[in-house]
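Notes for the one structure printed next.
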Amino acid sequence: MTHSVKIQQQKNESDAALWDRGVARLGAEFSALPPVARAELVPLLAEMGRLKEEIVLLSDGADGSALCTVCNGACCRVGRYHPTFLDLLVCVAVAESPVEPDFATAACPFLGSSGCRIVPSRRPFTCVIFICQLIAERLPEEELTRLARMEEELRHLRRRIAARFGGRLAESFFLEMERSDRDGVPVLTPTTDGGSNYGN
């Protein structure tokens with residue numbers, strides 16, 4: 001094994017450990033929420049998943065998934081940084097294990113031979129809302145308008161959840177985990193005012 005290969009292998013193992021630690025931490029913080037806070041959060045997360053599914057379904061009307069598979073993730077080169085705590089919380093809230101990343105891949109750790117391995121409702125926000133030119137050119141104007149409307153609705157919902165349950169939720173999972181490991185600050189930090197000041 002060459003020195004560079006060994007270093008890469010160590011980095012992959014470190015990334016995998018960080019992922020496992022972050023998912024476990026998020027699960028523990030979610031379980032520690034007061035029941036009334038969990039009862040408020042769960043339906044908001046379900047609505048977020050529904051909106052993601054609708055956006056991907058509309059994109060698939062222009063053969064979005066097929067185009068992405070052929071493209072092999074040209075827009076996914078930094079996919080490692082796309083998932084946020086909020087994206088993973090959708091899984092955690094229903095006791096579902098997020099898709100395990102494969103850090104040995106050269107591109108996005110969530111890509112497989114048939115495209116993205118994450119189901120639409122669980123995919124990172126950044127991945128869901130990005131409509132490349134190839135897809136956009138195949139969509140009629142009214143569907144592009146509908147996509148824009150759903151994207152704004154999804155953005156609004158994410159801002160609402162982050163303002164109510166913790167602003168770090170909407171940040172990159174890996175970047176925030178590297179920081180959280182150092183400062184020990186919880187990710188889920190519900191406000192006492194119900195997030196009424198999150199802004200529109």
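The values are calculated or read from the model by the stated rules, or taken from the named source; none is laboratory data. Just so it is clear, the structure is predicted and the values come from calculations on it, not from any experiment. Cβ: placed from backbone, ideal geometry, glycine included. Neighbour counts: every protein chain shown.
Below, the figures for the structure above:
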| quantity | calculated |
| --- | --- |
| Which listed residue is assigned to a helix (DSSP H, G or I), farther than 21 Å from A163 by Cβ and modelled with pLDDT of 80 or more, from D102, D87, D20 | D20 |
| Candidates E13, E53, E29, filtered to the one that is surrounded by fewer than 13 Cβ atoms within 10 Å (Cβ to Cβ) and of a type outside the set (S, T, Y) | E13 |
| Given (1) under 15 Å from I129 (Cα atoms); (2) assigned to a helix (DSSP H, G or I); (3) touching a helix residue (DSSP H, G or I) at 6+ places or on another chain (Cβ under 6 Å); (4) aliphatic (A, V, I, L, M), index of the condition L57 fails | (3) |
| Odd one out for E137 among (1) touching an Asp or Glu at 6+ places or on another chain (Cβ under 8 Å); (2) more than 26 Å from I7 (Cα to Cα) | (1) |
| Any hit, region 139-154, residues being closer than 25 Å to F30 by Cα, modelled with pLDDT of 90 or more and over 11 Å from the mean Cα position of the chain (by Cα) | yes |
| Where a residue in region 149-171 is under 15 Å from T84 (Cα atoms) and its partner, wherever it lies, is of a type in the set (S, T, N, Q) and part of a helix (DSSP H, G or I), with Cβ under 9 Å and at least six apart | R168/S180 |
| Selection count, region 48-79, where residues are touching a strand residue (DSSP E or B) at 6+ places or on another chain (Cβ under 9 Å) and not hydrophobic (A, V, I, L, M, F, W, C) | 5 |
| Residue under evaluation S114, criteria (1) modelled with pLDDT under 85; (2) out of contact with any helix residue (DSSP H, G or I) (no Cβ under 7 Å at 6 or more places or on another chain), criterion not met | (2) |
| Options V78, V92, V42, V99; residue that is over 26 Å from E143 (Cα atoms) and in contact with a Gly (Cβ under 6 Å, 6 or more places away or on another chain) | V92 |
